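Okay, so here's the structure we're looking at.
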Amino acid sequence: MIWLWLMLSSAALGQTRLDAAIECAATARLMVYDCAIALADRQGRPVDGAKFKLGADMPSMPMAHNVRPVEADSTDAPGRYRARLELEMEGEWALRLEFSAPRRDVVVKRLIFDDKGGREGR
Amino acid sequence: MLDLIQNTIDGVMIGGAYALLALGFTLTFGVMRRLNLAFGAIVLCGLYAGAAAHQALGWGLLGSIAATLAVAVAAGLYVERLCFRALAESASIAAMVSSFAIWMQLEEIAALLMPRRTYAYPALSEARPWEWAGLSLRPDQLAMAAVALGAMAALGWTLRRTRFGLAARAVATAPLAARLAGIEPARIGSAMFLLACGLGGLAGALIAAVDSQVTIKFGMWAMLKGLVAMTLGGIGSIPGAVIGGLALGVIESNAQWYLGAEWRDIVAYGLLFAVLYWRRGRERPWTNS
Amino acid sequence: MDEFLIGVLSNIGLMSLLALSAWLLLVVGEISFGQQAFFALGAYAAGIATALYGWPLPLGLFAGVVVGALAGFAVAIPTMRLTGLAFAIATLAFAELMRLLLQLWVFQREVDGERLGPNAVEGFRGVRWVYDHDLSALGYLGVIWGIVVVVLAALFLCERSRIGLACRAVGADAELAEAQGLPAARLKILVATVAGGLAALGGGLYVHLATYVEPQHFSIMLGVHALAYGLIGGLGTALGPILGVVLDIGLLEALQEIARYRMIVFGGAVAVLLILRPRGLLDEALVRRLTRGKP
């Protein structure tokens with residue numbers, strides 16, 4: 001059944017895509033980070049009212065080291081959200097934003113974590 | 001031409017350390033016919049202990065190296081008992097997978113105890129490079145190569161001139177005959193295993209001291225370099241491990257210079273594949289020295 | 001169902017395909033450290049097909065399988081004359097070569113005003129077929145496990161066939177099998193081809209779940225995990241590798257309190273298990289005992 005549906009279903013649902021900028025700051029607790037997330041659409045306008053979870057994967061070991069995703073909270077600033085993330089170790093992590101609103105979507109960002117925090121980049 | 005000479009000198013320096021890593025694999029593989037995948041993790045444990053001693057207790061270079069060797073041998077003892085001694089001789093795949101599981105375990109313990117990205121390791125030497133006729137030579141790299149060479153000479157002497165060495169060679173070439181002559185292959189294997197871990201620890205300490213830091217990725221790096229160097233020189237051969245290590249160092253440094261950093265490992269693995277294909281992966285006798 | 005649980009179950013299914021791929025080679029007596037390369041090829045090929053050329057997912061997956069199987073065949077030809085450690089290291093060399101070349105490979109196209117496609121070390125982003133077609137996480141979990149079940153059924157059928165028996169004979173003793181007239185080398189090449197396709201199928205499904213891959217994903221770590229799952233679960237049946245994956249990812253991921261210590265517990269448990277059962281939990285002897293008497 002699913003197979004048939006997969007074959008027949010076509011045409012992307014043409015919609016604006018989201019872009020995210022993430023920066024994380026180290027907290028007093030080891031390996032716990034406060035992450036600030038700025039959401040914008042493709043034209044750079046801030047996106048409010050999004051609901052998403054923030055998870056993390058280690059690129060060096062896909063499909064393992066799952067960090068249980070945490071719900072992100074909105075803040076007063078437009079398009080700004082925050083979440084507290086607990087990782088297993090410092091190093092490279094792929095942060096995964098799994099959206100349920102404004103629609104189902106996923107955005108993946110690469111960050112490097114150390115004792116000061118996490119920054120985008122390699 | 002000058003570049004080629006400079007690259008080759010640089011390659012031989014790091015190649016000395018590669019050779020020690022390759023010897024670590026060859027010694028255990030020769031006597032036990034089994035692959036220790038935890039080798040890199042064992043070295044990593046030693047290095048983290050050395051870095052911890054440096055950071056927490058303020059130990060210097062020699063102290064850190066001693067801590068590295070001691071912990072590498074202790075970790076080696078753990079791996080040998082759990083993954084090799086406890087398994088039947090025929091279970092070589094199980095021993096390999098078991099040592100892989102312990103690799104993961106040791107690395108996780110290291111990451112839990114010391115979760116930072118990098119740790120400082122005491123530097124080998126901070127003297128400036130020597131310049132001569134357009135060539136430059138880093139004293140710390142020279143010291144690394146000299147210590148590696150000394151360790152290899154000592155190993156050669158041990159294997160050729162001592163009763164232990166004789167027994168080890170007997171086990172490697174003719175295990176059944178050795179057993180009949182009253183040698184216990186299991187005990188020789190254990191001793192050789194620990195010796196290999198000590199050599200690996202020494203190689204790791206030298207490299208970490210040249211870089212003056214160590215990261216969690218060192219374990220995997222050391223394992224790959226050791227495996228590649230051992231295979232390049234001919235699986236199981238002791239002189240092959242030395243030649244393979246030096247060759248790998250020289251190939252890498254030249255490839256990096258002439259083709260760029262991103263091609264260094266591509267050339268090394270490509271060559272490895274070609275060598276295996278060409279030589280049909282024949283395993284050479286261990287004591288072909 | 002809880003989203004996290006769906007994620008973990010999806011990962012188990014994907015990893016099972018890679019573990020089955022490594023297990024197939026173990027059955028014919030070869031150790032591969034390189035199945036992650038075919039997983040990578042499948043991921044890149046399927047991702048390119050759907051994201052860059054707008055193919056439907058099933059066709060994209062099929063393209064991935066074809067690429068993976070062809071690569072498996074092409075690697076098997078030169079490596080089959082190697083045995084034991086030499087074969088294992090040759091597969092490792094191939095896989096690392098593949099990973100390093102993917103780190104250099106740029107192949108991008110403009111799609112909907114966005115540049116998509118493999119971009120060297122930055123990886124391959126925007127493989128969004130599942131999201132663009134609004135397939136739910138649960139639905140995709142169904143796709144993954146539907147495919148795993150089909151693969152398992154096919155392997156069970158093979159196991160009972162003449163080819164399956166021949167493979168077991170080659171795995172037990174290749175020289176003896178050859179002396180009995182079995183084409184050991186050709187069987188191994190066949191198995192390596194199928195194993196390449198199977199790993200690629202896993203990779204194709206993985207990239208559509210993750211929406212992005214990068215060369216770093218496909219290091220030796222991934223391949224050796226797959227190999228370990230194959231042996232831990234047991235060499236006796238195709239259910240073995242799946243059991244291995246479930247034990248690691250499933251059980252220990254479920255116990256979140258000990259997740260931080262999971263490799264410490266799991267690593268030790270595997271070492272002890274292999275002392276007791278060197279050919280895995282569901283080894284040949286156990287499987288024979290369980291199936292005895294059945295037609």
Computed D for segment A:80-120, Stokes-Einstein, Kirkwood radius over alpha-carbon pairs, 25 °C, 0.890 mPa s, to the nearest µm² per second, is 212 µm²/s
Taking Cα atoms, the helix C:137-160 axis meets the longest principal axis of chain C at an angle in degrees (rounded to 10) of 30 degrees
Ignoring chymotrypsin sites (Phe, Trp or Tyr not before Pro) buried by more than 16 other Cβ within 10 Å or outside DSSP loops, the longest site-free run in chain C is C:108-295
Computed over segment B:196-243, the convex hull of the Cα set has an average projected area, in nm², of 3.5 nm²
The percentage of Cα-Cα pairs in segment A:16-120 separated by more than 25 Å is 16 percent
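What GluC sites (Glu not before Pro) in segment B:95-126 are in a loop by DSSP, with at most 10 other Cβ atoms within 10 Å of the Cβ?
Answer in residue order: B:GLU126.
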Given 37 °C, 0.692 mPa s and a Kirkwood radius over Cα pairs, the Stokes-Einstein diffusion coefficient of segment B:169-289 in µm²/s is 202 µm²/s
Segment C:76-113 and segment C:9-72 have their Cα centres apart by a whole-number Å value of 13 Å
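When the convex hull of the Cα atoms of the protein assembly as shown is projected onto a plane and the area is averaged over all directions, what value comes out in nm²?
Its average projected convex-hull area is 33.2 nm².
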Chain C, Gaussian network, Cα under 10 Å: of C:VAL265, C:VAL127, C:VAL148, the residue fluctuating most is C:VAL265
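What does the average come to when, for each residue of peptide B:117-129, you count the partner chain Cβ atoms lying within 10 Å of its Cβ?
Partner Cβ neighbours, averaged per residue: 1.
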Proxy exposure order for B:ASP265, B:ASP3, A:ASP34 (fewest C-beta within 10 Å first) is B:ASP3, A:ASP34, B:ASP265
So B:ALA133 and B:GLU184, fully extended at 0.36 nm per residue minus their Cα-Cα distance, gain in nm 12.9 nm
Per-residue average of other protein chain Cβ atoms inside 10 Å, peptide B:83-95 -> 4
Across all Cα atoms of segment B:1-150, Rg and the largest Cα-Cα distance (Dmax), in Å, are 18.3, 58
Ranking C:ILE242, C:ILE264, C:ALA199 by how far each Cα lies towards the positive end of the charge dipole of segment C:173-295 (+1 on Lys and Arg Cβ, -1 on Asp and Glu Cβ), the top one is C:ILE242
Segment C:3-291: relative contact order from alpha carbon pairs under 8 Å, six or more residues apart, as a whole percent, is 33 percent
In whole Å, largest first, the alpha carbons of chain B cover along the principal axes 59, 47, 35
Taking every C-alpha to C-alpha distance in chain C and binning by 10 Å from 0, the per-bin percentages run 7, 28, 35, 22, 7, 1, 0
Rounded to whole angstrom, the alpha-carbon centroid of segment A:13-81 lies from that of segment B:48-113 at a distance of 38 Å
Between A:ARG17 and C:ASP134, the two model label points (7 Å from Cα along the beta-carbon direction) sit apart by a distance in nm of 2.0 nm
Within segment C:63-138, DSSP-loop trypsin sites (Lys or Arg not before Pro) with at most 16 other C-beta atoms within 10 Å are C:ARG81
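Based on DSSP, what percent of beta bridges with both residues in the protein assembly as shown are antiparallel, to the nearest 5?
Working: 54 of 54 bridges.
So the antiparallel bridges in the protein assembly as shown amount to around 100 percent.
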Rounded to the nearest whole number, the per residue volume of the convex hull around the C-alpha atoms of segment C:114-153 in Å³ is 96 Å³
Check: C-alpha center segment C:182-253 vs C-alpha center segment B:255-279, spacing in Å is 27 Å
Checking B:ILE183, B:ILE235, B:ILE14 against a Gaussian network model of chain B (alpha-carbon springs below 10 Å), the top fluctuating residue turns out to be B:ILE183
For segment C:118-178, the Kirkwood Rh over every pair of distinct alpha carbons, in Å, works out to 15.4 Å
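Apply the membrane-span-like helix rule to chain B: whole DSSP H runs, Cα extent along the own long axis of at least 18 Å, mean Kyte-Doolittle hydropathy at least -0.5. List the helices found.
Flagged H segments are B:2-32, B:39-56, B:61-79, B:92-113, B:139-161, B:185-211, B:218-233, B:238-259, B:261-279.
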The helix C:84-102 Cα axis meets the longest alpha-carbon principal axis of chain C at an angle in degrees, between 0 and 90 and rounded to 10, of 0 degrees
With Cα springs under 10 Å, the Gaussian network model of chain C assigns the largest mean-square fluctuation among C:ASP132, C:ASP173, C:ASP283 to C:ASP132
With only helices counted (DSSP H, runs n ≥ 4, each -39500 (n - 2.57)), the per-residue ellipticity at 222 nm for chain C, to the nearest 500, works out to -22000 deg cm²/dmol
Proximal lysine pairs in the protein assembly as shown, meaning Cα under 27 Å and 8 or more positions apart or interchain, come to 6
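Give me the inter-chain shielding for C:127-140: mean count of other chain Cβ atoms within 10 Å, whole number please. Walk me through the numbers before you get to the answer.
Numbers: counts 0, 4, 3, 3, 9, 10, 7, 5, 5, 1, 2, 0, 3, 2.
What the average comes to for C:127-140 is 4.
Every number in this text was worked out from the coordinates using simple rules, so none of it is lab data. Here the structure is a predicted model, which is why all the values come from computation and not from measurement. Because the Cβ atoms are built from the backbone with ideal geometry, glycine has one as well, and the counts that use them run over all protein chains shown.
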